[in-house]
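The values are calculated or read from the model by the stated rules, or taken from the named source; none is laboratory data. All values reported here derive from a predicted model rather than from experimental measurement. Neighbour counts are summed over all protein chains in view; Cβ atoms, including those assigned to glycine, are modelled from backbone coordinates with ideal geometry. Each accessible area value is taken on the protein alone, full model and side chains, heavy atoms only, with ligands, DNA and RNA left out. Shrake-Rupley method; radii C 1.70, N 1.55, O 1.52, S 1.80 Å.
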Amino acid sequence: MSKIRRASITVPTPRAYARAGLASIGHEVRVSPFWTHTIIWAIIASMPVALMDGIRIGMTTKIRKRALAKKNKKK
């Protein structure tokens, strides 16, 4: 997320996300205030748990690998 510099169809501006988030307070326990995030969440929620967990572990493993490579490069 820290490398995102510009808003797009799936990345709202901070102002738009805050506005959507504040508008959704008190409606549900779990909220995805930005409309594209709602669509993405619906797709993810329809997946089997094992598939969803596999995708998440794959993403976090890649992020960790890049972070460790960056840390080692600085040494």
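Could you calculate the contour length gain from ILE9 to ILE40, that is, 0.36 nm times the residue separation minus the distance between their Cα atoms, to one decimal place in nm?
Once the chain is fully extended between ILE9 and ILE40, it gains 10.0 nm.
May I ask you to evaluate 6.51 cos²θ - 1.76 cosθ + 1.60, the Karplus curve with θ = phi - 60°, for each residue of the range 36-47 and list the ³J(HN,Hα) values in order in whole Hz, giving x for glycine and proline?
Running phi through 6.51 cos²θ - 1.76 cosθ + 1.60 with θ = phi - 60° gives 5, 5, 4, 5, 4, 4, 4, 5, 5, 5, 7, 7 Hz.
Residues of the chain: accessible area per residue at 1.4 Å, in Å²?
Numbers: 6930 Å² over 75 residues.
Here the residues of the chain average 92 Å² of exposed surface.
Got a sec to turn the phi values of the range 58-75 into Karplus ³J(HN,Hα) couplings, 6.51 cos²θ - 1.76 cosθ + 1.60 with θ = phi - 60°, whole Hz, x for Gly and Pro?
Values per residue, Gly and Pro as x: x, 5, 5, 5, 5, 4, 5, 4, 5, 5, 5, 5, 5, 5, 5, 5, 6, 6 Hz.
Percent of accessible area on the chain owned by carbon and sulfur, 1.4 Å probe? Each step should come with its number before you reach the end.
Details: 4510 of 6930 Å².
Percent of accessible area from carbon and sulfur atoms in the chain: 65.
Starting from the Cα of ALA18, step 7 Å along the direction of its Cβ; do the same at ILE57; then give the gap between the two resulting points in nm.
3.9
For the chain, what is the mean residue ellipticity at 222 nm derived from helices alone (per DSSP H run of n ≥ 4: -39500 (n - 2.57); sum divided by total residues; nearest 500 deg cm²/dmol)?
Mean residue ellipticity at 222 nm (helix-derived): -20500 deg cm²/dmol.
Just one of (i) 28, 20, 10; (ii) 17, 15, 12; (iii) 21, 15, 12 is semi-axes √(5λ) of the Cα gyration tensor in Å as worked out from the coordinates here. Which one is it?
Checking each listed value against the structure points to (i).
Let me spell out the model: positive unit charges on the Cβ of Lys and Arg, negative unit charges on the Cβ of Asp and Glu, origin at the Cα centre of the chain. What dipole size does that give, in debye rounded to 20?
Taking the Cα centre of the chain as origin, the dipole is about 980 debye.
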